[in-house]
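The values are calculated or read from the model by the stated rules, or taken from the named source; none is laboratory data. Computed from a prediction, not measured in an experiment: that's the story for all the values here. As a convention, Cβ positions derive from the backbone with ideal geometry for all residues, glycine included, and neighbour counts pool all protein chains shown. SASA here: full protein model, heavy atoms, side chains in, ligands and nucleic acids out. Shrake-Rupley method; radii C 1.70, N 1.55, O 1.52, S 1.80 Å.
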Amino acid sequence: MRKTLLVGSLAAVMLVTGCANMNDTQRRTATGAGVGALGGAAVGAMTGGHAGTGAVIGAGVGALGTYIWSQHMERQKQQMEAATQGTGVVVTQTQDNQLKLDIPSDISFATNRSDIQSNFQPILEKFAESLRNNPDTDVRIVGHTDSTGSDAINNPLSLDRATSARNFITARGVNGARIAVEGRGSREPIASNESAEGRSKNRRVEIYVGQRQG
């Protein structure tokens with residue numbers, strides 16, 4: 001384990017060593033790659049894989065996650081905060097400068113359904129408008145379920161929910177090529193599935209918006 005993590009650490013160091021001669025954009029990208037490499041090495045070691053392979057994969061992931069928080073992004077955040085006030089939707093700026101919308105189950109989808117509820121539609125309408133006004137952003141919609149039921153049910157259900165949100169948005173003039181969808185089933189709970197309240201929190205949709213370094 002120690003040896004594999006050492007390999008990953010060396011990979012990360014090599015990726016970020018040249019940062020001193022880079023501009024801000026290049027430095028952030030290299031740092032992200034280095035952090036990703038170290039994380040990838042740790043994952044590879046813990047899962048029995050090769051740290052070097054994990055480091056390379058992690059480096060790619062880290063390098064891809066380089067975003068800027070521009071005036072457009074701040075304006076979009078303020079617009080979505082105003083549009084979702086009092087709805088239970090949480091609008092935040094992530095550590096890697098993405099705009100994130102946490103949408104709880106009680107306003108997004110009915111149990112075991114993927115069709116969008118009526119009180120979710122105005123939020124998506126406003127979100128689609130903000131995307132049309134900010135065309136240089138990428139969008140990722142992630143669906144989650146609680147642990148009730150099997151993966152055979154939860155995995156496609158979570159993806160269907162994310163896809164329904166994308167279809168709603170693209171029907172309002174947003175280019176679908178900008179929007180990636182993921183279904184993560186019950187794999188990433190944010191609360192205990194032992195209680196009804198916890199399961200309700202785990203049934204959610206997360207939307208991320210990122211403006212890449214130009």
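Taking the listed residues THR111, THR92, the one that is open to solvent by 40 Å² or more (accessible area, probe 1.4 Å) and within 26 Å of PRO156 (Cα to Cα) is THR111, with no other qualifying. Under the condition of being open to solvent by less than 20 Å² (accessible area, probe 1.4 Å) and closer than 19 Å to ILE107 by Cβ, the residues counted in region 184-207 number 6. Looking only at region 80-87, decide whether some residue is surrounded by 15 or more Cβ atoms within 10 Å (Cβ to Cβ) and of a type in the set (Val, Ile, Thr). The answer is yes; a qualifying residue exists. Remark: pairs (first residue in region 120-139, farther than 15 Å from ILE179 by Cβ; second residue not in a loop (DSSP other than H, G, I, E, B); Cβ separation under 6 Å; 6+ apart in sequence or on different chains) = PHE120/ILE107; PHE120/SER108; LYS126/ALA83.
Condition check: more than 17 Å from VAL205 (Cα to Cα) and either in contact (Cβ under 8 Å) with a residue 40 or more places away in the chain or surrounded by fewer than 16 Cβ atoms within 10 Å (Cβ to Cβ) (or both). Does SER150 satisfy that? Yes; evaluated as a whole, the condition is true for this residue.
When THR170 is tested against (1) touching a Phe, Trp or Tyr at 6+ places or on another chain (Cβ under 9 Å); (2) closer than 22 Å to HIS72 by Cα, exactly one condition is not met: (1).
Which one is nearest to the chain's Cα centre (by Cα) among residues in region 62-112 that are among the hydrophobic types (A, V, I, L, M, F, W, C) and in a helix (DSSP H, G or I)?
LEU64
Residues that are open to solvent by 50 Å² or more (accessible area, probe 1.4 Å) and touching a residue at least 40 places away in the same chain (Cβ under 8 Å) within region 154-174 comprise ASP160, ARG172, GLY173, listed in sequence order.
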